[in-house]
Structures are given as C-alpha cells and as structure tokens.
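**Q** Below is a structure I'd like to ask you about.
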Amino acid sequence: VSLNIFRKYCGPVDIWLSILSGKKHPSKVIIINEQPWKSFKAMAQHLSQWVWFRKLFVLLSSYTYANTLNRINP
C-alpha cells in the first residue's frame, strides 16, 4: 500500500498507525520488520550508495519498519 508523505517518513511511529489501519480494514495484512537494523547493514554493504540522504531514508522510512499489503481474493 502506498502511503501519504507524512506516514511515509514517520519511521517507527507508522507501526502503530499500520496496526490501527489494519484493524479497520480486515482485508489488509500488516508485516512488521522485527529486525530493522538488517536494512541498515544491507544498505551499508554498498558503500558508494550509502550516502547521507539514503541513511536518513532508511532511518525515517516507514517501509523499513512495517508494510501493509492488500489481500487478493481469487
């Protein structure tokens, strides 16, 4: 699910917002990243890409911490 600009960059706060949203809409599935530091470690493997603004993105992006998926019913 695409998020608005506020939710996209509210970082770990979005975990709670996603859970609340998921309770309102049972067709949504919330995936919580229990090890967000692995995202930092993975990005840090690409030193030429690991610049200050990407560090901020990984730190502040709600997609690092939680993702919301819509169920598809066959």
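Here, each number is a calculation from the coordinates, and none is a lab measurement. Note that the structure is a prediction, hence the values are computed from the model and not measured. We place every Cβ from the backbone using ideal geometry, glycine too, and count neighbours over all the protein chains shown.
**Q** Among all residue pairs at least 6 apart or on different chains, which show Cβ distances below 9 Å where the first residue, located in the range 60-74, is more than 16 Å from Ile5 (Cα to Cα) and the second is polar (S, T, N, Q)?
**A** Asn70/Ser27; Arg71/Ser27; Asn73/Ser27
**Q** Restricting attention to the range 1-48, report how many residues are in a helix (DSSP H, G or I), loosely packed, with under 10 Cβ neighbours inside 10 Å and under 12 Å from the mean Cα position of the chain (by Cα).
**A** Residues in the range 1-48 being in a helix (DSSP H, G or I), loosely packed, with under 10 Cβ neighbours inside 10 Å and under 12 Å from the mean Cα position of the chain (by Cα): 0 in total.
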